[in-house]
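What follows is a set of notes on a single structure, which appears directly below.
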Amino acid sequence: MKLLRIGNLGNEKPAVLDKDGKYRDLTSHIEDLNPNSLNFETFSKIRGLDLSSLPEIPKSERIGSCISRPGKFIAIGLNFSDHAAETGAKPPTEPIMFMKATSSICGPNDNIEIVSGSKKLDWEVELGVVIGKDAKHISESESQNHILGYCLVNDVSEREWQIEKMGQWVKGKSHDTFGPIGPYLVTKDEIKDINNLNMSLDLNGKRMQTGNTNTMIFNVDVIVSYVSQFMSLQAGDIITTGTPPGVGMGMKPQQFLKEGDELKLAIDNLGEQNSKIVAI
């Protein structure tokens, strides 16, 4: 299934994509796509519905983030060896974890804010993992039992805040709109091979990032197991798993986002994002 949230900010409705590509309203069955409904039991009930009997939502309406109010937004850094190389870092020997504020989350096509004085705003196309069952100290072989599905993520990053200012990466990763997710939450059965998905990002129509999940240093099973050793995971938590090469910080000379720039991101079977950079 492909599930999404549609409507104005703060008033989104849960929806599902039917076989004809129509958006079908799920509000008579679930309140929202939030931690209360993001579990295998609820999704099993949705699978049993006659989607054609549900109200259709016009495609002209805004698409919101595919998850509402996740408990945690966890990220993995330098998880592609060629991306690590372009940043001048050595490939890690175990996953590098950091957090993004959940308040950074926005819709896939919402504007991305550039703050006055920001000089190094950057892009990162990433695969997001959505947890559907509590996990604590699980093995790699158990990870798939806890993964509900996947989504497209842009790990927007302000590199000066992230690297040059004192402290942890979270400062450069967490401003409002620095976490576009969606359009869809795609269940596992829709993905033939999670370790072989093409990824891309275009800036103003020019291809900047091209990659594939098969070049991840740590695959999703390793990541979910690893994170669960240090913190419990709950339904609705998001783990974004790293970016391929082609970020602005890695270019010579470096290139960063400016007001008016437009981004297009895509991952096989997870949909597209189209965002514009706006000054605030």
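The values are calculated or read from the model by the stated rules, or taken from the named source; none is laboratory data. Model, not experiment: these values are computed from the prediction. Don't worry about glycine lacking a Cβ; one is built from the backbone with ideal geometry, like all the others, and counts go over all protein chains shown.
Checking every residue in segment 84-105 against the condition of being closer than 21 Å to residue 5 by Cα, of a type in the set (A, V, I, L, M, F, W, C) and touching an Asp or Glu at 6+ places or on another chain (Cβ under 8 Å) gives zero matches. Given the conditions (1) assigned to a loop (DSSP other than H, G, I, E, B); (2) surrounded by fewer than 16 Cβ atoms within 10 Å (Cβ to Cβ), report the number of the one that residue 35 does not fulfil. For residue 35, the failing item is (2).
Return the residue satisfying two criteria in turn: it lies in segment 152-172 and is among the aliphatic types (A, V, I, L, M) and part of a loop (DSSP other than H, G, I, E, B), and of such residues it is nearest to residue 199 (Cα to Cα).
Within segment 152-172, the subset among the aliphatic types (A, V, I, L, M) is 152-153, 156, 163, 166, 170.
The next check asks that each one be part of a loop (DSSP other than H, G, I, E, B); those that pass are 156, 166.
On the way: 156: 16, 166: 32 Å.
Out of the qualifying residues, it is 156.
Each residue in segment 63-101 was checked for being within 20 Å of residue 30 (Cβ to Cβ) and surrounded by 15 or more Cβ atoms within 10 Å (Cβ to Cβ), and 8 pass. Pull up segment 103-157, narrow it to residues that are of a type in the set (Ser, Thr, Tyr) and either within 19 Å of residue 251 (Cβ to Cβ) or in contact with a strand residue (DSSP E or B) (Cβ under 9 Å, 6 or more places away or on another chain) (or both), then point me to the one that is surrounded by the fewest Cβ atoms within 10 Å (Cβ to Cβ). Here the residue is 116.
Close contacts from segment 4-27, counting a first residue that is without any contact (Cβ under 8 Å) to a residue 24 or more places away in the chain and a second that is among the small types (Gly, Ala, Ser) and exposed (fewer than 11 other Cβ atoms within 10 Å of the Cβ), with Cβ to Cβ under 6 Å and a gap of 6+ residues or different chains, come to none at all.
Going by the conditions given, is residue 129 part of a strand (DSSP E or B) and more than 23 Å from residue 256 (Cα to Cα)?
Here the answer is yes, as residue 129 does meet what is asked.
Within segment 173-196, residues that are assigned to a helix (DSSP H, G or I) reach partners that are modelled with pLDDT of 95 or more with beta carbons closer than 6 Å, at six or more positions or on different chains, in the pairs 173/100; 173/157; 188/149. Criterion first (in a helix (DSSP H, G or I) and more than 20 Å from residue 199 (Cα to Cα)) does residue 278 satisfy it? It is false that residue 278 is in a helix (DSSP H, G or I) and more than 20 Å from residue 199 (Cα to Cα). In segment 50-78, the residues that are at positive phi reach residues that are modelled with pLDDT under 95 and not β-branched (Val, Ile, Thr) with C-beta atoms within less than 6 angstrom, at least six apart or across chains, in these pairs: 78/84; 78/89; 78/92.
The number of residues in segment 177-197 being touching a helix residue (DSSP H, G or I) at 6+ places or on another chain (Cβ under 6 Å) and surrounded by fewer than 18 Cβ atoms within 10 Å (Cβ to Cβ) comes to 2. Name the residue that is modelled with the highest pLDDT, counting only residues in segment 76-86 that are in contact with a helix residue (DSSP H, G or I) (Cβ under 7 Å, 6 or more places away or on another chain) and in a strand (DSSP E or B). Filtering first and then ranking leaves 76.
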